[in-house]
Amino acid sequence: MAIKLYDAFRPFAATCRIWRLVPDKRYAANPLKGSNHNRALAVDLTIIDLKIGKELDMGTAFDSFTDTAHHSFIQLPPAVLANRRLLKTTMRKYGFGIVPDEWWHYQWPNNQDYEIIDLSFDDLKEFAE
């Protein structure tokens, strides 16, 4: 097994654009508060089965803004529920919390103790060089 990252750090400008497209606090961060992604404290991910080279079935696609994507949604096949449980158990083991409406989103606790990082990806390239 391995993990596949969909999203991690997100520039603040991206949060502003996402909010304009999806102004729903269940699925997007209000720029007035910022995002855990803007603080480099959140990650969107799934699990890959390396034997077959495919993502485990989680019941919905990443960024599915439906009730089916919620952690509390249990009207799913047992294998899907087991896959979600594996991801949640693993992430919680390492201290990450959940967002109830997104099976893929995990975040470090106490996000308000950290500042919003307002850097573009181009700005970040300078740190890598």
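Coordinate-derived values only; no laboratory data. All of these numbers come straight from a predicted model, not from anything done at the bench. FYI the Cβ positions are ideal-geometry reconstructions off the backbone, even for glycines, and counts take in every protein chain you see.
What net charge do the residues around W104 carry, taking every other residue with its C-beta under 11 Å from that of W104, with Lys and Arg at +1 and Asp and Glu at -1?
-3
Can you tell me which aspartates and glutamates have their Cα less than 19 Å from the Cα of K54? Leave out same-chain residues fewer than eight positions away.
D7, D44, D63
By a straight-distance test (C-alpha under 17 Å), which lysines pair with K25 as possible cross-link partners, with residues fewer than eight away in the same chain excluded?
K33
What list of whole percents do you get for P(r) of the chain, with Cα-Cα distances grouped in 5 Å bins up to the one holding the largest distance?
Values per bin, smallest distances first: 2, 10, 18, 22, 19, 15, 10, 4, 1, 0.
Tell me the angle of helix 12-21 to the major Cα principal axis of the chain, expressed in degrees between 0 and 90 and rounded to the nearest ten.
Here the helix axis deviates by roughly 60 degrees.
Measure nothing fancy, just the Cα-based angle from helix 78-93's long axis to the longest principal axis of the chain, in degrees from 0 to 90, nearest 10.
Approximately 40 degrees, to the nearest 10.
With an 8 Å cut-off on Cα pairs and a minimum separation of 6 or more residues, tell me the relative contact order of the range 11-129 in percent.
32
About the Cα centre, and with charges only on the beta carbon of Lys, Arg (+1) and Asp, Glu (-1), how big is the dipole of the range 2-128? Nearest 20 debye, please.
The dipole of the range 2-128 has a size of about 360 debye.
Among N38, N83, N110, which one shows the highest mean-square fluctuation when the chain is modelled as a Gaussian network with alpha-carbon springs under 10 Å?
Top of the fluctuation ranking is N110.
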